[in-house]
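Input: a single structure, listed below in structure tokens.
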Amino acid sequence: MELTYTSGLESDFWSMPDKLDECDDYSIAIDFLNSRDSFQPFGARLAAFITDKLSLPASDSKTIIDALTEQCARKGIAVSEIGSYNTLHNWFDIGKRPKKSVASRQSMFALAFALGLSVDETKDLFHKIFLDRAFNYRDKKEVVFYFCIKNNKTWADATRLIAESDGLANDYSDKTQITKAIASSVDAFCEEQPLLEYIRQNGRNFQKNSVKAKEEFSRYLSEAKRFAKEEINNSYAREIYSGKWTENLSNNALYEIITGLNITGSKGTKTIFNNAALPKEIKNRFPEAVTFGKKDMSSEEYRKAIILLFSYGFWYQIQSLNAVFNLDDYTDALNYILIDCNYAILYYGNPFDWMFLLCAQDERPLDMFRGILSEVLPDDPSSMKVTD
């Protein structure tokens, strides 16, 4: 089911350029992004995943919820750890998606234990269904989940080990490690006590969040400002961006140059994506100007900001040099960065990724990106939220 779903989205992706050539705007691509027939809602994706895993005779909500209840009883897990009946009903029958929150991540891990998923299957659950990375190796709770899933331990084992790790007298004098090094260390543990000792000795590392992501975000933010200054200086762009040039380019000016949008109103900076004609998976936590000045962000915010900043720099160079490139050049480079940050690689089943991939295959990707954004935002500025 998953293979068919993803293959269908890839097929639609490659046929989209020909369809766009037949119209004068990007409405076909925008309609595709917003259609429930294009991207399955969370509940439909999850239903197919569970149905395939448990070889269920049907994929209706009653069959799935009954099967989950039975699985939980076998594994000693309360169904409420995954979600209440109303929550499950909202997922499968109404199409409501869970928020990208700590509580929702815990529910997904409880589901992984209930279904008896392997590490790779858990990664698929998060990447393709929840649309987020599976294991945050800087969260000791998720480190425990990884250890238990890898070593075929139970949910009860996981909750016990988490309680034990919370009671440790942690050492905070350790040196900062990159996330990949932590992941490698954790992957080697087969016994509980070495794991707990590692958690105890690395107290400071488990308080740090997304160290590599912060480095990459800062790197591509700096590069984007350099390219934006170049773009302002180009004769064709000087008039468009007049008044935005300063030696220390502001985050607001950078954002307006990247997106081609005006974000400054009489009352302050407009938060423009709240009412954009885009699915929630795109506009929720879509990078805003304020994002560039944040000192800390969620993993979803970092991932989306890095994708935006990298894409702007990559696409600007393509267009300014009239360079010949193919989609693999873009995806290979960006996926390498995402993997290095312990984030999910680009996925055709994620509408946010699909939109960036669509732009990346165009001869003038930055123009296409700006063109799509100009069409999905409301014409009436008063409908946009304004922040002080």
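The values are calculated or read from the model by the stated rules, or taken from the named source; none is laboratory data. Predicted model only: the values in this text are computed from it and were never measured. In this analysis, Cβ positions are derived from the backbone assuming ideal geometry, glycine residues included, and neighbour counts consider all displayed protein chains.
Which one of Asn284, Asn274, Asn326 is in contact with a strand residue (DSSP E or B) (Cβ under 7 Å, 6 or more places away or on another chain), closer than 26 Å to Phe39 by Cβ and either surrounded by fewer than 21 Cβ atoms within 10 Å (Cβ to Cβ) or free of Cβ contacts under 8 Å to residues at least 12 places away in the same chain (or both)?
Testing whether each residue is in contact with a strand residue (DSSP E or B) (Cβ under 7 Å, 6 or more places away or on another chain), closer than 26 Å to Phe39 by Cβ and either surrounded by fewer than 21 Cβ atoms within 10 Å (Cβ to Cβ) or free of Cβ contacts under 8 Å to residues at least 12 places away in the same chain (or both) leaves just Asn274.
When only residues in the range 1-48 that are without any contact (Cβ under 8 Å) to a residue 12 or more places away in the chain and of a type in the set (A, V, I, L, M) count, which is farthest from Met368 (Cα to Cα)?
Checked the range 1-48; the qualifying residue farthest from Met368 (Cα to Cα) is Leu3.
Failed condition for Ala134, given (1) in the same structural domain as Asp187 (by TED's automatic domain parsing); (2) of a type outside the set (Ser, Thr, Tyr); (3) in a loop (DSSP other than H, G, I, E, B), with all others met?
Going through (1) in the same structural domain as Asp187 (by TED's automatic domain parsing); (2) of a type outside the set (Ser, Thr, Tyr); (3) in a loop (DSSP other than H, G, I, E, B) one by one, Ala134 breaks only (1).
Here are some conditions: (1) at pLDDT below 90; (2) assigned to a helix (DSSP H, G or I); (3) among the polar types (S, T, N, Q); (4) under 15 Å from the mean Cα position of the chain (by Cα). Asn335 meets all but one. Which one does it not meet?
All conditions pass for Asn335, except number (1).
Scan the range 77-120 for residues that are within 19 Å of Tyr146 (Cβ to Cβ) and among the acidic types (Asp, Glu) and report the count.
Of the residues in the range 77-120, 2 are within 19 Å of Tyr146 (Cβ to Cβ) and among the acidic types (Asp, Glu).
Can you give me the number of residues within the range 88-103 that are exposed (fewer than 15 other Cβ atoms within 10 Å of the Cβ), among the polar types (S, T, N, Q) and either within 23 Å of Ala156 (Cβ to Cβ) or touching a Lys or Arg at 6+ places or on another chain (Cβ under 8 Å) (or both)?
Of the residues in that region, 0 qualify.
Please report, ordered by residue number, the helices (runs of 4 or more DSSP H) entirely within the range 144-228 with at least 1 residues that are assigned by TED's automatic domain parsing to the domain that holds Gln319, over 23 Å from the mean Cα position of the chain (by Cα) and over 24 Å from Ser118 (Cα atoms).
none
If I go through the range 193-232 residue by residue, how many of them are over 19 Å from Asn136 (Cα atoms) and either of a type in the set (Lys, Arg) or in contact (Cβ under 8 Å) with a residue 12 or more places away in the chain (or both)?
Number of matching residues: 13.
Please enumerate the residues belonging to the range 173-225 that are aliphatic (A, V, I, L, M) and surrounded by 14 or more Cβ atoms within 10 Å (Cβ to Cβ).
Selection gives Ile178, Ile182, Ala183, Val186, Leu195, Leu196, Ile199, Val211, Ala213, Leu221, Ala224.
Would you confirm whether or not the range 60-81 contains a residue that is surrounded by 16 or more Cβ atoms within 10 Å (Cβ to Cβ), under 22 Å from the mean Cα position of the chain (by Cα) and not hydroxyl-bearing (Ser, Thr, Tyr)?
No - not one qualifying residue is present in the range 60-81.
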